[in-house]
Amino acid sequence: MMASNSGLQLGVTLFSFTNEFHSRQYTLEQLIAKVAELNLGPGIEIVGFSSVRGFPVVTDEFAANFKELLAKHNLKPACLGLNADMYKNPNKPMTPDESLAYHEAQLDATAKLGFPVGRYQFLAGTDVIHRLLPKAERLNVKLGLEIHAPEHVNSPIVMQYRELYAKENSPYLGFIPDFGSTARRVSPAFISYFRQLGLPEALITLAEEMWLSKDDPNNPTAKIPEFQARAKAAGFRPVDIAECFIVFGLFSRQQPAAWREIMSQIVHIHGKFYHFNEDGSESAIPYEEILPVFVEGGYNGYMVSEWEGHFLCDDGGFAKVQKHQELCRRILAGCGAQNAVTS
Amino acid sequence: MLQTKLIAENGLRATSTGFDVEVRLPWYRGLPLSTVEIGDVVLNGEAINPASVSIEVNGKTRLPGDLATLYDERWYVLDSAMLHVSHSELKRGEQYDVAVSVNLRPPYIPGLTWAVKDAKRLTANS
């Protein structure tokens, strides 16, 4: 277990290496070895349904090999991503009992692989998480709700979980910020991608302008149908609109300081990033403002670098993650974080 | 861009009953087969009759329409599936334009249908 005063430690989610893994250039073992070689740890996050064949079933042999592999490379299991596959039948969502069982199986796998945190999704629902808590306590695995754009610490759905957490007051219930929700603009990586696809410039402009317009704090997803309707009314093709609306689901504009409100309940962080300016700063997500909030707030835990660029290009993730961690180390050193040099 | 990885490189094979196309799941994690819909298969501009297509995944061959109820069987992200197509024979060593489309409905993103179309010029292998 991590010492309680270890500060903000870096790591990486293997999701950042989706291109390498999907193309079969790297096996899971090779990804982990490369992460160690490039010093991109010590924290490791995996997505269960991606990294583990047969998940949520994990064989004894797989679990033993996995734990041994991390130990051999001095890496630490930080978090495992769970999925709320509520619509595995697209026409009929799972019942709460089915969803509970689905999450329980994944939580068992999380514990078996040695991960201290299971990252869960909004769709799980407060009822299922409430009923999952005794098992989480028994397995010694924290449940972390990922707060992903367009949601924020005060959005209605997050408030439902905050109320549950206040009532239960358990250290096994926590939050996982995704920094895409603390962005300043739509990443230029997406703008370039849209241009590369040949989307009309006026459609891209409409998306950017609407993204920058005032948000309704009580309805964070409101801009998605609004954008779709306005773009349709302006005569853009449905296929182009479908490509473009995703920016409202990947980036949102919460102020970095807002994370303070839930700081003591944060159990893990997704250091989302896409693209850098020439000076090495992230071009849409202001890490210079975000990281000091966590250092000053006394956050103890991992922030894993999460590059989602496989969505946009065929580049590998290793060089990108290196660049992200250089940026984060520089910022952490600047705000006197204790771990800035060593990890 | 996983969208361009749907048809595997070098993924066309001539068979005695037509041809096979090797396809990959264009998503970062394994998905229930019930959330995968096989769309069009096109060879040199000829739209293949859906009744002539079957899909082999996890060692089993089924009709594309049969995937819809396989809620608890997943297509793992590293595995290929094979589309078996009944067709007149292809000439081995010749190049063909192959196009395939699939719709994915990731079960944790309600309402999203991820439409993927891929087209590649491939040599028919033995």
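The values are calculated or read from the model by the stated rules, or taken from the named source; none is laboratory data. Note that the structure is a prediction, hence the values are computed from the model and not measured. Please note: Cβ atoms are built from the backbone with ideal geometry, for glycine as well, and neighbour counts cover all protein chains shown. Ligands, DNA and RNA are stripped out before the accessible areas are found, and what is left, the full protein with its side chains, is counted by its heavy atoms. Shrake-Rupley method; radii C 1.70, N 1.55, O 1.52, S 1.80 Å.
Could we say that A:Gly271 is within 14 Å of another protein chain (Cβ to nearest Cβ) and crowded, with 19+ Cβ neighbours inside 10 Å here?
When the stated conditions are applied, A:Gly271 does not pass them.
So A:Ala337 clears everything in (1) open to solvent by 30 Å² or more (accessible area, probe 1.4 Å); (2) in contact with a Gly (Cβ under 6 Å, 6 or more places away or on another chain); (3) modelled with pLDDT under 95 except one condition, right? Which one?
Unmet condition: (1).
Since A:Gly144 meets every condition but one in (1) out of contact with any helix residue (DSSP H, G or I) (no Cβ under 6 Å at 6 or more places or on another chain); (2) in a helix (DSSP H, G or I); (3) within 25 Å of A:Phe62 (Cα to Cα), which condition does it not meet?
Every condition holds for A:Gly144 apart from (2).
Mind checking which helices (runs of 4 or more DSSP H) fall wholly inside region A:154-257 and carry at least 1 residues that are of a type outside the set (A, V, I, L, M) and more than 20 Å from the chain's Cα centre (by Cα)?
A:156-168, A:188-197, A:201-212, A:223-233, A:238-244
May I ask you to say which residue of A:Thr27, A:Thr18 is over 23 Å from A:Lys112 (Cα atoms) and touching a Phe, Trp or Tyr at 6+ places or on another chain (Cβ under 9 Å)?
A:Thr18
Which residues, taken from region A:36-54, are in a loop (DSSP other than H, G, I, E, B), open to solvent by less than 10 Å² (accessible area, probe 1.4 Å) and not small (Gly, Ala, Ser)?
A:Leu40, A:Val52
Given B:Gly45, B:Gly18, B:Gly59, which one is farther than 17 Å from A:Phe49 by Cα, within 14 Å of chain A (Cβ to nearest Cβ) and among the small types (Gly, Ala, Ser)?
Going through B:Gly45, B:Gly18, B:Gly59 in turn, the sole match is B:Gly59.
Do any residues in region B:63-78 that are at the interface with chain A (Cβ under 7 Å from one of its Cβ atoms) have Cβ atoms under 7 Å from those of residues that are of a type in the set (D, E, K, R), where the two are at least six apart or on different chains, and which pairs are they?
Short answer, once both residue conditions are applied: B:Tyr71/A:Lys88; B:Tyr76/A:Arg53; B:Val77/B:Arg29; B:Leu78/A:Arg24.
Please list, ordered by first then second residue, the pairs with beta carbon atoms under 8 Å, 6 or more apart or interchain, first in region A:43-56 and touching a residue at least 40 places away in the same chain (Cβ under 8 Å), second β-branched (Val, Ile, Thr) and open to solvent by 10 Å² or more (accessible area, probe 1.4 Å).
A:Val52/A:Val58
Of the conditions (1) within 12 Å of another protein chain (Cβ to nearest Cβ); (2) touching a helix residue (DSSP H, G or I) at 6+ places or on another chain (Cβ under 8 Å), A:Phe49 clears all except one; give me its number.
(2)
Restricting to region A:118-136, and then to whatever is out of contact with any helix residue (DSSP H, G or I) (no Cβ under 8 Å at 6 or more places or on another chain) and touching a residue at least 12 places away in the same chain (Cβ under 8 Å), can you tell me which residue is most open to solvent (accessible area, probe 1.4 Å)?
Taking the candidates together, the pick is A:Leu123.
Can you tell me which of B:Leu122, B:Leu112 is in contact (Cβ under 8 Å) with a residue 12 or more places away in the chain and not β-branched (Val, Ile, Thr)?
After applying the criteria, what remains is B:Leu122.
Applying the selection to region B:21-42, what residues are more than 9 Å from chain A (Cβ to nearest Cβ), part of a strand (DSSP E or B) and of a type in the set (A, V, I, L, M)?
B:Val21, B:Val23, B:Val36, B:Ile38, B:Val41, B:Val42
Name the residue that is surrounded by the fewest Cβ atoms within 10 Å (Cβ to Cβ), counting only residues in region A:3-28 that are at the interface with another protein chain (Cβ under 10 Å from one of its Cβ atoms) and not in a helix (DSSP H, G or I).
If we take residues in region A:3-28 being at the interface with another protein chain (Cβ under 10 Å from one of its Cβ atoms) and not in a helix (DSSP H, G or I), then A:Arg24 is surrounded by the fewest Cβ atoms within 10 Å (Cβ to Cβ).
Determine the pairs where a residue that is within 14 Å of another protein chain (Cβ to nearest Cβ), located within region A:239-266, has a partner that is surrounded by fewer than 17 Cβ atoms within 10 Å (Cβ to Cβ) and among the small types (Gly, Ala, Ser) with Cβ atoms under 6 Å apart, the partner being 6 or more residues away or on another chain.
Final answer for the pair search is none.
Can you go through A:Ser170, A:Ser181, A:Ser187, A:Ser192 and tell me which one is open to solvent by less than 10 Å² (accessible area, probe 1.4 Å) and farther than 17 Å from A:Trp259 by Cβ?
A:Ser187
For region A:274-324, name all the residues that are buried (at least 23 other Cβ atoms within 10 Å of the Cβ), part of a helix (DSSP H, G or I) and without any contact (Cβ under 8 Å) to a residue 60 or more places away in the chain.
A:His324 - this is the single residue of region A:274-324 that is buried (at least 23 other Cβ atoms within 10 Å of the Cβ), part of a helix (DSSP H, G or I) and without any contact (Cβ under 8 Å) to a residue 60 or more places away in the chain.
If I ask for residues that are of a type in the set (Lys, Arg), surrounded by 13 or more Cβ atoms within 10 Å (Cβ to Cβ) and more than 14 Å from every other protein chain (Cβ to nearest Cβ), which ones from region B:84-126 would you list?
B:Lys120
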